[in-house]
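Each value in this text was obtained by applying a stated rule to the coordinates, not by laboratory testing. The shown structure was predicted, so the numbers you read here are calculated from the model rather than taken from an experiment. Don't worry about glycine lacking a Cβ; one is built from the backbone with ideal geometry, like all the others, and counts go over all protein chains shown.
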Amino acid sequence: MLQVQTLRDERDRVLTGLEKRNIPDAAAKIDEITGLDDRRKELQARNDALLAERNQLSREIGDLFKSGKKEEAGTLRDRVNTIKEESATTETALAEVLVELDDRLVQLPNVPHELVPAGATPEDNEVYREYAGELPTLSDDAKPHWELAEEYGIFSLELGVRTTGSGFPVFTGQGARLQRALVNLFLDRNTAAGYTEYAPPLLVNEDTARATGQLPDKEGQMYHVQTDDLYLIPTAEVPLTNLYRGDLLEPDQLPVRLTGYTPCFRREAGSYGSHVRGLNRVHQFDKVEIVQVTTPEESYAKLDEMVAHVGGLLDELRLPYRILRLCGGDMGFTSAMTFDFEVWSAAQKRWLEVSSVSNFETFQSNRLKLRYRTERGTQLVHTLNGSALALPRIIAALLENNQSQEGILLPEVLHPYVGTDRLQRIN
RNA sequence: GGAGGAUUGGCGGAGUGGUUGAACGUGCCUGAUUCGAAAUCAGGUGUACCCUCACGGGUACCGGGGGUUCGAAUCCCUCAUCCUCCGCCA
């Protein structure tokens, strides 16, 4: 959530930014918000004055009682009662304005960073780093991962349908082992890079979902457990970032670096078709996440650092990838700058997104009320996160790119984790 | 799931209706003392919003929400969390 103060102080920057996101009537929306905020201030000032008067009179009543002047006290009491009525009216009005203000504010997405390209669709994304080598090519009989999955017994979507429904893969045998190996590899690399490992809850309450911006924007994307009013996490970002909700950090506590492995649950309503076959898009998948909490001065350096770290993971896996800087229209609601990592799938002949690394600046910390202490007072921190990495498409790419007569040849880094240098056909 | 107890400032811990944003201790900061330090002494030390160029002032916050009252950390209701005991259980 943006701060009203930002809308006032940096109106032009906000407008230029929102334009990149193709937000209609941004200026009018901002004016409406600042107008509501003016009204809020006015009502609050009025109410504070009323309460000040009430407090003063109450003190006097106390003194009068002590000195036994009951009648005078009675007169004052009547006056206080009048003030209370007025105050009640003002408070009701204030509460209404606050709700309205919040409603408007949560509908505004984050302001894209200056370097974020304008644009509406993925075609407008900037290729930030092209793959340096030659993209691998496979023979024409190369198979997509969903066919390899059957041949090698990696996972089964049919079994998932039996237990749950479509889009819930069941990993089996060496597939399950491969998945676990990747989780371990990623966690090891992340903790070695200074991220502290957490295993957070997979269900979160509404406040948590709101603070990182999943609500109200992505209401329909999350599974909601209505009986207990809890949401299944769509990413570990949600519980991990919320670990610090409401905190006031000392400068020496920054940067905070967290990592966590969790399953992620996404309803993905309405996405069907050939491009979502196999593991390309599923309702439940595993992901290892990294999160940083840092100062505004350092946050973009940390973003670079995270991008480099994720790139390192893909290098180790020997997967060809490119990095995109997302355009305003393709970027998530809460992000100020996002880099997507796409791995080349040689069999599908297309790029698959495997990681998204973003700087949210103060958009989340404002909601989280997560600040740190500076010489000049308290200030909102910047929060960042990224996938390091999301598993399904990594598995898809590993299967497809490394298929051979001799089996699926695993990159060296995985050998100790999987306990073998290749996966064997079972069918 | 049942019964009882608890929830106060960075920490510990007072406070059961009237200058209590909150005693006292401790921690931290500044100053004095010291060659320096320790000890000691003096002063300061929460957050948010609003007004003010500033000095300064106002309001709110003692787990969350609501209520009673002229006035609530203090009384009432409700929710949450923690602890103890019982039950159940991976």
**OP:** For segment A:63-146, give the magnitude of the charge dipole about the Cα centre (Cβ charges: +1 Lys/Arg, -1 Asp/Glu; no others), in debye to the nearest 20.
**Re:** 900
Original post:
Going by alpha carbons, how many degrees (0 to 90, nearest 10) lie between the helix axis of A:299-316 and the longest principal axis of chain A?
Top reply: 20
Original post:
Sorted by mean Cβ packing within 10 Å, highest first, what order do the peptides A:229-241, A:115-127, A:169-181 take?
Top reply: A:229-241, A:169-181, A:115-127
Original post:
Summing -39500 (n - 2.57) over the DSSP H runs of n ≥ 4 in chain A and dividing by its residue number, what mean residue ellipticity at 222 nm do you reach, to the nearest 500 deg cm²/dmol?
Top reply: -13500 deg cm²/dmol
**OP:** Enumerate the whole-percent occupancy of each 5 Å bin, from 0 to the last occupied one, for all C-alpha pair distances of segment A:4-105.
**Re:** 2, 12, 16, 14, 11, 9, 8, 7, 6, 5, 4, 3, 2, 1, 0
**OP:** Show me A:190-197, A:338-345 ranked by packing, highest mean number of other Cβ atoms within 10 Å first.
**Re:** A:338-345, A:190-197
**OP:** Compute the acute angle (0 to 90°) between the alpha-carbon long axis of helix A:70-105 and the principal axis of greatest extent of the alpha-carbon atoms of chain A; round to the nearest 10°.
**Re:** 30
**OP:** Please work out the Kirkwood hydrodynamic radius for segment A:82-196, using every pair of different C-alpha atoms, and report it in angstroms with one decimal place.
**Re:** 21.4
Original post:
On a 0 to 90 degree scale, rounded to 10, what angle separates helix A:173-192 from the longest Cα axis of chain A?
Top reply: 50
Original post:
Ordered by packing density, taken as the mean number of other Cβ atoms within 10 Å over each peptide's residues, highest first, how do A:29-38, A:57-66 rank?
Top reply: A:29-38, A:57-66
Original post:
So what is Rg over Rh here for chain A, counting just Cα atoms and using Kirkwood for Rh?
Top reply: 1.11
